[in-house]
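A.B. asks: Shown below is the structure under consideration.
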Amino acid sequence: MKKLSQKKKIKKIRHDKKYLYKLAKRRGRSCLFHHKDSTELSESKKLYARQITAVGRFEGKRRKIPIHGVRKAFDLPENLDFEGNYDTSLKCLLGIRALGDMQRRNKFNYYLEFSLLKNISPAALLVLTAELDCRVGYANTARRKGQRLPADSQKWNPHITALFQDFGIFELLCAQPEVRMTYGDKLKAVKFRRGTTQDGDAALRLIHEIVEVTGNEPNSQERLWEGIGEAVANVLDHAYPHPYVSYPAKRIAAWWAGAIYDNLSHTTHFMVYDRGIGLPASLPKKEGFQALLARLAISNPTEAHLVWAAIKNPQSSTLLGYRGEGLRQMAEVVDNHKGSSLQILSGNASMTYLGGENKILKNLPVEFCGTLIEWRIKHERSYN
């Protein structure tokens, strides 16, 4: 191979750097900060190490899979639920997030075994969908070519297959299930979707679909429009700062959202999830904020206390004058719907707001894999 002259080497280095910056801008993430020597990558690896130490590693075993051949199979647990099975659920989700990195390092083909999964909460289902979307949606060559991914749904629990169908997960992942099942009119769901902008139209479309599913038109006093709009806009304002490095998977600046309506209890579960730095890390570091903690008689604040204080003292870490209420707007959805709640999982914090001064603050065993916001909105009655 012909050696390059010093002048051509410099020209090539400049060209490569320019290309990387353009690529990073186009994809909405910085490839340069994922360099092995960057401080940001080192901190992200430390976080991942803490999580794996606390919950364990998602292990797979090589075995022969019908039709697919010999692959490293990863069995999903029987229950995925952040309230009753946090450690196991987080281990599974982190394992799926790490599959791409493991595959590049060890050069193996993997297989996700869903046949053992029997129960999954709506919130866990959204996070699982986001991790699968990042794994197969952004990194799968077959999907980019317009091909559909195979899903051996004939082996799955019918309940799980129906949820994937009714929430539009097969469609989002561009998957081709062997068997389709549905709950039909028994399950009223707003299909999961991915968003990559903070365009207000995305929040409006979500609201309209929720109204269509529940039959409950929110009035101007309920703050539902503002609350959901704030949750969506918050993602790109705070969740993905520059620079920010995600490990073991590179960051994808996006949010995922969906909803389900329970006819029996007249309750809407609406959820928004992002894979960003976490809400406690994005809260403003201001003297007024620390003074509020003192007024609330919180001497040794946990991250759950920080989230609670942010609700009580609305302010924005952006420089936008019209963005200051943030979490307060999300909480007012609960204040205007008696019997409702707002739960936030982020960092080490689990904060459940029940209205007024009522709240449940918990410390998670280890940092959550992003930020999950879930409203459980109680409607007085349904009009369907």
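A.B. asks: Listed residues 148, 62; which is in the same structural domain as residue 170 (by the TED database), modelled with pLDDT under 85, farther than 25 Å from residue 49 by Cβ and among the basic types (Lys, Arg)?
C.D. replies: 148
A.B. asks: Next question. Return the residues of the stretch 230-258 that are at pLDDT 70 or above and either among the polar types (S, T, N, Q) or more than 21 Å from residue 368 (Cα to Cα) (or both); say none if nothing qualifies.
C.D. replies: 246
A.B. asks: Could you run through the stretch 84-122 and say how many residues are surrounded by fewer than 17 Cβ atoms within 10 Å (Cβ to Cβ), modelled with pLDDT of 90 or more and farther than 21 Å from residue 155 by Cβ?
C.D. replies: Counting residues in the stretch 84-122 that are surrounded by fewer than 17 Cβ atoms within 10 Å (Cβ to Cβ), modelled with pLDDT of 90 or more and farther than 21 Å from residue 155 by Cβ gives 1.
A.B. asks: Quick one: in the stretch 262-274, which of the residues that are open to solvent by less than 20 Å² (accessible area, probe 1.4 Å) and closer than 20 Å to residue 128 by Cβ is modelled with the lowest pLDDT?
C.D. replies: Result: 270.
A.B. asks: Quick check on residue 307: is it modelled with pLDDT of 65 or more and part of a helix (DSSP H, G or I)?
C.D. replies: Here the answer is yes, as residue 307 does meet what is asked.
A.B. asks: List the pairs whose first member sits in the stretch 112-127 and is assigned by the TED database to the domain that holds residue 90 and of a type outside the set (D, E, K, R), whose second member is open to solvent by 10 Å² or more (accessible area, probe 1.4 Å) and assigned to a helix (DSSP H, G or I), and whose Cβ atoms are under 6 Å apart, counting only residues at least 6 apart or on separate chains?
C.D. replies: What qualifies is 115/155.
A.B. asks: Being aliphatic (A, V, I, L, M), out of contact with any strand residue (DSSP E or B) (no Cβ under 6 Å at 6 or more places or on another chain) and over 30 Å from residue 247 (Cα atoms) is the filter here; which residues of the stretch 340-369 pass it?
C.D. replies: Matches in the stretch 340-369: none.
A.B. asks: Scan the stretch 333-372 residue by residue and report those that are over 19 Å from residue 85 (Cβ atoms), aliphatic (A, V, I, L, M) and open to solvent by 10 Å² or more (accessible area, probe 1.4 Å).
C.D. replies: 354, 361
A.B. asks: Separate question: What do you reckon, is residue 349 modelled with pLDDT under 90, small (Gly, Ala, Ser) and touching a Leu at 6+ places or on another chain (Cβ under 9 Å)?
C.D. replies: No; evaluated as a whole, the condition is false for this residue.
The values are calculated or read from the model by the stated rules, or taken from the named source; none is laboratory data. Source: prediction; values computed, not measured. Ideal geometry is used to build each Cβ from the backbone, glycine not excepted, and the neighbour counts take in all protein chains shown. Only protein heavy atoms, including side chains, enter the accessible area calculation; ligands, DNA and RNA are left aside. Shrake-Rupley method; radii C 1.70, N 1.55, O 1.52, S 1.80 Å.
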